[in-house]
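Derivation of every value follows stated rules applied to the coordinates shown; laboratory data play no part. These figures come from a predicted structure and were not determined experimentally. Cβ sites come from the backbone with ideal geometry, for glycine too, and all protein chains shown count toward neighbours.
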Amino acid sequence: MRKAIVLVLALLALATVPYWIGNGYYVNIASQILIWAILALGLNVLVGHAGLVSLGHAGLFGVAAYAAAWLVAGGWGHLPAALVALAMIIATSAVFAVLALRATGIGFLMITLALGQILWGVAYRWIGLTGGDNGINVPSRPAPFGISLTFSTPFYYFTLAVFLLAVVAMAVFVRSPFGASLKGTRDQPRRMTALGYNVWLIRFLAFLFSGFWSGVAGLLFCYYNQFVSPNVLALGSSAEALLMVISGGSGTLLGPIAGAALVVVMKNVASAYIERWNFLLGAIFVAIVIFMPEGLVPGTVRLWRWAWSGLRGGRAAALLRAGDGTVR
Amino acid sequence: MSLWLLLAVNSVTLGGLLFLLSAGFSLIFGLMRIPNLTHGSFFMLGAYLGTSFLALGLNLWLAALASAAAMAMIGGGIERLLLRRLAGQELAQVLVTLGLSFMIADLCLMEWGGDPISVDTPAGLRGAVPILSIVFPTYRLVIVIIAVVVAAALWVMLDRTRLGAMIRAGVDDAPMARITGIRVSRLFTIVFCLGAALAGFAGVMGGPILSVYPGLDADMLPLALIVVILGGTGSLPGALLGSFIIGFLYNFGQALFPELAYIILFLPMLLILVVRPQGLFGRHAP
């Protein structure tokens, strides 16, 4: 019951953002947070639920953005361009997955890094195809059902709709038997094999799912900026996406969203006041990995529960200390 | 000089620089099992420190040595203060090195600004030396010679000394080395200092050729990564061979297929990771 109330309140808050924020600049930042949150949610499928840390997701994000931008700039309609871009992202994810899933752990991280760098190299250097450093301009934003998305508020609602779809998809995914088997391959791959599960196939499908949502975020990003450049695919972007997942708390639903909000606010708002936000970003990254490896959201929940039960007296606190502090 | 010869000379030079950078990277990777993603930052920070030492009036050699010493201290500090806290958690260690690379890049931008800094070639080394029928620019030749000398010194250290034997034992099987009484954690610090020092030294030596600019770290780190994946982690001959292969691939790729240069660079790494994950000379898959 309490959960339902929180959910309704959160939805209300999200739906009324343009009214209580007012300023178009901040509405745009809210849209950015949602776009990056979708990427972080997609990456979280691999990092949090499959235990596979990818440093190449900016490449997948970028492929979708570039494909849509290239087609729209070439005179295609928005809908067919988006569909082709999504088909391309599935195909690219499949190639990524086949190559990267030959390893796990550090090996997986390095193969995805190499693949991401290859895509970055294509975007940066294959000037005939991608325009190189000049990037590609997208002449217009799409107008689904005849509603123009040119201004910040309609675009925010469009992004919010896609974001909610992503959140629901993630929630369903995590609760599904498939999500459970994916976590099984993370924790006990050999046992899962012994039980008759095809570990490789489970990871492969999870990679496709993760890549798909990264591509959706890339599409939104392309519409938001109406411009793509190789920067989007650089290692720094992949690292930022990973930072969002890990800082918020990998393997949770709320964590990557909070992480995306943290990073985007840092980048856009804090950079207006502090010149060295990149340094701060790196410092936060290091501090979180060392002091709060489970991420901000689970970490804060743990501290809050601990303080709360401390206030109410010993028994609950003792239970928590005994290892019953399951973080949800 | 024909284009081909020029390309070959540049390739050999880059190969030498890459070896200085990736020898330490390879040893760290082999021993600690992590790709040190700050290694490109060590190269860049070393190069920037070198420009400051040069501005103080030191000559290039002293600046390179001073910068190497400073990087050794910084690298050792990072290992002792940060990575040591996460012993055994390879993934967390990689992420810390990634975060540190952000921080170092921003610090360099703050301290030395965004404009590229060019470094003069030392006065005595500006000419060219004829070798057989090739006219080899002297400074580039010196870099290759230094790389060969460092390779020989590292080989002697690894193959002929007690410390080298301990490092080899650690690379082969760290838990077993611990059981025989080798303090592997101390080796971690030593190797990290050595790798950082070599990277800083290479940064200063590369200054007259590459100049020093923001983003140098992101340019060099992937190259070191490819070299080590190609050659095999923890293997000195692997790093040497890989450096020269990548030196050639990079220069010829840039000249012949500029649009596909990065694909040409990363494809061999990908093939190796997929087909022979332990690399050409390595003993473990990463």
*How many partner chain Cβ atoms sit within 10 Å of a residue's Cβ in peptide B:262-275, on average, as a whole number?*
5
_Area projected by the alpha carbon convex hull of the stretch B:132-277, averaged over all directions, nm²_ = 11.2
*Specify the angular offset, from 0 to 90 degrees and rounded to the nearest 10, of the alpha carbon long axis of helix A:152-175 from the longest principal axis of the alpha carbons in chain A.*
50
_Helix-only mean residue ellipticity at 222 nm for chain B, each DSSP H run of n ≥ 4 adding -39500 (n - 2.57), per residue, nearest 500_ = -25000 deg cm²/dmol
*Ranked highest first by the average count of other Cβ atoms within 10 Å around their residues, in what order do B:240-252, A:4-16 fall?*
B:240-252, A:4-16
*Provide the per-residue ³J(HN,Hα) series for the stretch A:92-102, in order, calculated from phi with Karplus coefficients 6.51, -1.76, 1.60 and θ = phi - 60°, each as a whole number of Hz, with x at glycine and proline positions.*
4, 4, 5, 5, 3, 5, 4, 6, 6, 6, 6
*List, in order, the whole-Hz ³J(HN,Hα) value for each residue of the stretch B:88-105 obtained from phi through the Karplus relation with A = 6.51, B = -1.76, C = 1.60 and θ = phi - 60°; use x for Gly and Pro.*
x, 9, 4, 5, 4, 5, 4, 5, 5, 5, 5, x, 4, 5, 4, 5, 5, 4
*Name the residue, out of A:Tyr124, A:Tyr223, A:Tyr25, whose mean-square fluctuation peaks in a Gaussian network model built on chain A with Cα pairs under 10 Å.*
A:Tyr25
_Lys, Arg +1 and Asp, Glu -1 on Cβ, resulting dipole of chain B about Cα centre, debye, nearest 20_ = 940
*Averaged over B:14-23, how many beta carbons belonging to a partner chain fall within 10 Å of each residue's beta carbon?*
0
*Can you list residues whose amide H is under 5 Å from A:Leu52's amide H, if they're 5+ apart or on another chain and H is modeled 1.01 Å from N?*
A:Val47
*Along the principal axes of its C-alpha atoms, what lengths does the protein assembly as shown span, in descending order and rounded to whole Å?*
81, 64, 52
_Gap separating the Cα centres of the stretch B:37-52 and the stretch B:99-168, nearest whole Å_ = 12
*³J(HN,Hα) computed for each position of the stretch B:163-180 - Karplus, 6.51 cos²θ - 1.76 cosθ + 1.60, integer Hz, glycine/proline x*: 4, x, 4, 5, 5, 4, 4, x, 5, 5, 7, 4, x, 5, 4, 4, 4, 7
*So for the stretch A:119-192, taking the charge dipole from beta-carbon charges (+1 Lys/Arg, -1 Asp/Glu), which of A:Pro142, A:Ala169, A:Gly121 sits furthest toward the positive end?*
A:Ala169
*Put +1 on the Cβ of every Lys and Arg and -1 on every Asp and Glu Cβ in the protein assembly as shown; which of A:Pro189, A:Ala10, B:Ile272 then has its Cα farthest towards the positive end of the dipole?*
A:Pro189
*Round to the nearest 10 and give me the degree value, 0 to 90, for the angle of helix A:177-187's Cα axis relative to the longest principal axis of chain A.*
70
*Which shape class, rounded, prolate or oblate, goes with the stretch A:175-312 when its Cα gyration tensor gives a ≥ b ≥ c as root eigenvalues, a/c under 1.5 marks rounded, and past that a/b bigger than b/c marks prolate?*
oblate
*Report, as an integer, the average count of C-beta atoms from other chains found within 10 Å of each Cβ along B:78-85.*
1
*In deg cm²/dmol and to the nearest 500, what is the mean residue ellipticity at 222 nm of chain A if only DSSP H runs of at least 4 residues count, each as -39500 (n - 2.57), divided by the residue total?*
-23500 deg cm²/dmol
*For chain B, find the longest principal axis of its Cα atoms and tell me its angle to the long axis of helix B:60-81, 0 to 90°, nearest 10.*
20
*May I ask which residue of B:Ile134, B:Gly181, B:Ile146 lies farthest towards the positive end of the charge dipole of the stretch B:67-219, with charges of +1 (Lys, Arg) and -1 (Asp, Glu) on Cβ and the Cα centre as origin?*
B:Gly181
*Hey, can you grab everything whose amide H is under 5 Å from the amide H of B:Ala128? Only 5+ residues off in sequence or another chain; H modelled, so Pro and N-termini drop out.*
B:Thr138
